[in-house]
Amino acid sequence: MTADHHPQSRLTPRSLPAYRVARSPLARWTLPLALLASLVFPACSGDAQDDESAGPGPSGRAVTITYVELEPETVTRTQRALGELRSRNDPRVAAEVSGAVKRLLVNEGDRVRAGDLIAELDEEDYVLRRDQAEADVKRFNARSALQELTVVRYRELHENNHVSSQELDEVEAELDVTREELAASRLALRAAERDLERTRVKAPFDGEIDERLVSEGDYVQTGTALYRLTTSDMLQVRVSFPETLANDLEIGMPLKVSNRAAGVSELDTEISEIRPAISLDGRAIRAIALVENPGGWRSGSSVNVELVLSEREGLTVPRQALVQRPDGDTVYVLDADEETVEARRVEVGQRTADWVEILDGLEAGDKVAVDGAGFLTDGASVNASPQEGDDEQ
């Protein structure tokens, strides 16, 4: 039998599609898939109806959340910056006269009180100047006394017409000159005594010797720093704020200063001075305040400063209550039944690490979702309880 007469080798146009379907790999799974779909789809349809009737939430279950009830409170606008502690007084103790350093009586670390003798300069030249001034005073004092006697005598002679008025005027004028010279010599004596006293360098205020800047035998000029003296009772806080706050700063504005390294968390003070110029290097404006040293604070160390710019009544929510949604900042508020929530678009103001100020969108008395807020949608079912520490708890 030839191939033309073989029954399986003869294909008609009508039987060709059926043959191809029967031989296709997809056809092997067509029937099983159809059976599986008939079994699964009805079950899925029933679950979808159950979820729709149960409301929002995974598998229809209510989301567990905590909430807080909003109350008006004081919202503080602040600006934080890094400050530096400085001695309230000029820390340099300088020579007020020139001369060789004769003795240095204190060293680094020594505590001194105002008026304590801390150094001596060579006083020999100043002793000589003082002695010369004393001699001048004695000389002009004697001349003045003699001239006074001369004037008395000339007045008697003038009354008896033995000297002319011009001669009397001359001796009286000479007396005036002598008296002026006497007064000048006394001033010179006071200056010489003052310079002599200044060879004995004294501490200008209570403090601690931070650094000795000269050695014995050094020749110093007027104004040469001998010691660096730090004071510990009262310190300056110098802090720079952005130039954008230049018009907001005022003397008396409150500051909170903290120095965690010294073991004291926070001190309250206020701005006592504002420098008029904007610094060219940092484009900042500098403010100065005074703080009483609570102990352990040192000049030169850094401190954290918080400036209170303003205070006003407002509403705040915990940071985790604010949720970012595609249409903006959102907060979820409990409905009256406390079983569902409503999504509220809000306008925010100041933010901190713990709370966010709400400018618009909420009212006092609203109950706002906190823990679990990020899992909510508008109208979601919730299982709500007050947050720990809230008034309702």
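The values are calculated or read from the model by the stated rules, or taken from the named source; none is laboratory data. The shown structure was predicted, so the numbers you read here are calculated from the model rather than taken from an experiment. Please note: Cβ atoms are built from the backbone with ideal geometry, for glycine as well, and neighbour counts cover all protein chains shown. Surface areas here come from the heavy atoms of the whole protein model, side chains and all, with no ligands, DNA or RNA. Shrake-Rupley method; radii C 1.70, N 1.55, O 1.52, S 1.80 Å.
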key: Boolean, residue 327 is loosely packed, with under 14 Cβ neighbours inside 10 Å and not β-branched (Val, Ile, Thr)   = yes
query = So which residues in segment 233-258 are open to solvent by 50 Å² or more (accessible area, probe 1.4 Å), outside any strand (DSSP E or B) and in contact with a Ser or Thr (Cβ under 9 Å, 6 or more places away or on another chain), if there are any at all?
reply = 243, 248, 251
ask   = What residue, among those in segment 363-373 that are open to solvent by less than 50 Å² (accessible area, probe 1.4 Å) and of a type in the set (Gly, Ala, Ser), is farthest from residue 314 (Cα to Cα)?
value = 372
inquiry  = Quick check on segment 276-311: of everything there that is charged (D, E, K, R) and under 16 Å from residue 207 (Cβ atoms), which residue is modelled with the lowest pLDDT?
reply    = 298
query = So, of the residues in segment 177-200 that are among the charged types (D, E, K, R) and within 51 Å of the chain's Cα centre (by Cα), which turns out to be least open to solvent (accessible area, probe 1.4 Å)?
reply = 195
message = Which numbered condition in (1) among the aliphatic types (A, V, I, L, M); (2) in contact with a Leu (Cβ under 7 Å, 6 or more places away or on another chain); (3) free of Cβ contacts under 8 Å to residues at least 24 places away in the same chain is the only one that residue 235 fails?
response = (3)
task = Among the candidates 139, 88, 153, single out the residue that is within 25 Å of residue 214 (Cβ to Cβ) and among the charged types (D, E, K, R).
result = 88
query = Given the residues 219, 154, which is the only one that is modelled with pLDDT of 95 or more, open to solvent by 50 Å² or more (accessible area, probe 1.4 Å) and of a type in the set (Phe, Trp, Tyr)?
reply = 219
ask   = Restricting the search to segment 325-341, which residues are in a strand (DSSP E or B) and either among the hydroxyl-bearing types (Ser, Thr, Tyr) or within 14 Å of residue 383 (Cα to Cα) (or both)?
value = 330, 332, 333, 334, 340, 341
query = Of the residues that make up segment 87-101, is at least one aliphatic (A, V, I, L, M) and within 27 Å of residue 284 (Cα to Cα)?
reply = no
query = Do we have residue 143 as surrounded by fewer than 16 Cβ atoms within 10 Å (Cβ to Cβ) and not β-branched (Val, Ile, Thr) here?
reply = no
ask   = Can you tell me which residues in segment 329-380 are modelled with pLDDT of 95 or more and of a type in the set (Phe, Trp, Tyr)?
value = 332
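Can you spot a residue in segment 353-362 that is open to solvent by less than 30 Å² (accessible area, probe 1.4 Å), more than 12 Å from residue 66 (Cα to Cα), of a type in the set (A, V, I, L, M, F, W, C) and part of a strand (DSSP E or B)?
Start the filter on segment 353-362 by keeping residues that are open to solvent by less than 30 Å² (accessible area, probe 1.4 Å), which leaves 356-358, 361-362.
Narrowing the set further to residues that are more than 12 Å from residue 66 (Cα to Cα) leaves 356-358, 361-362.
Imposing the further condition that a residue be of a type in the set (A, V, I, L, M, F, W, C) reduces the set to 356, 358, 362.
From the residues that got through so far, the ones that are part of a strand (DSSP E or B) too are 356, 358.
Checked segment 353-362: at least one residue is open to solvent by less than 30 Å² (accessible area, probe 1.4 Å), more than 12 Å from residue 66 (Cα to Cα), of a type in the set (A, V, I, L, M, F, W, C) and part of a strand (DSSP E or B).
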query = How many residues, within segment 280-324, are part of a loop (DSSP other than H, G, I, E, B), open to solvent by 70 Å² or more (accessible area, probe 1.4 Å) and in contact (Cβ under 8 Å) with a residue 60 or more places away in the chain?
reply = 1
